[in-house]
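All of the numbers you see were taken from the coordinates with simple rules; none came from a lab. The structure displayed is predicted, hence computed values, not measured ones. Cβ placement follows ideal geometry from the backbone for every residue including glycine, while neighbour counts extend to all protein chains displayed.
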Amino acid sequence: MKHNTAMVGRENKSGLILSVKRHGNPAAFLIALFAAAILFSSCATMAPFSQVELDKITALKAESLALMSKATSSFAASKSSVDALKASLESAHSASDGREKNKSAAKQWAILKDPTANLLGGFLARWENKGTLSDTFVAEASGNISKAFDQLIELESGRSR
């Protein structure tokens, strides 16, 4: 039995030519076609770029790091600023969660603000519980939280414009 062989090719955005070799096996061809469809549709599974969101993330990063630098002093002196930051984080999370095709960013916001996790929410909870934090702890936590914000910035910046 002779199989009909045909080469189907398509150039993607990066100039790569994707090809599917068909050997008369419809199941294999459909699987390859499905894989190609997933590859091409993966770009459409993310929300489009938003300058407003990017600006919000960068502003919250700066605000968070500035407030964290005060954690070597009394929590009580900064309570109103902490409450305002928590409200801003909740607002950013809600906006992100409400955006279509934005689940990964919404999950990142949830982790960032979680008071039981080891990022910003956990830092603020620890500061409130301890009253003050050491310079070393603040410096280490600031680095980790800065990186978490950078991941959100990279996610938003990498979206299609």
#### Entry: Difference of contour (0.36 nm per residue) and Cα-Cα distance, Gln51 to Asp135
26.8 nm
### Task
Would you mind counting up the charge near Ala125? Only other residues with Cβ under 12 Å from its Cβ, with Lys and Arg at +1 and Asp and Glu at -1.
+2
### Sum of side-chain charges, Ile57 neighbourhood, beta-carbon under 14 Å (Lys, Arg +1; Asp, Glu -1)
0
### Summary
The set of residues whose placed amide H lies less than 5 Å from the amide H of Ala117, leaving out same-chain residues fewer than 5 positions away, is Gly122
### Message
I need the phi-derived Karplus couplings for segment 102-113: 6.51 cos²θ - 1.76 cosθ + 1.60, θ = phi - 60°, integer Hz, Gly and Pro marked x.
### Response
9, 4, 5, 5, 4, 5, 5, 4, 4, 5, 4, 8
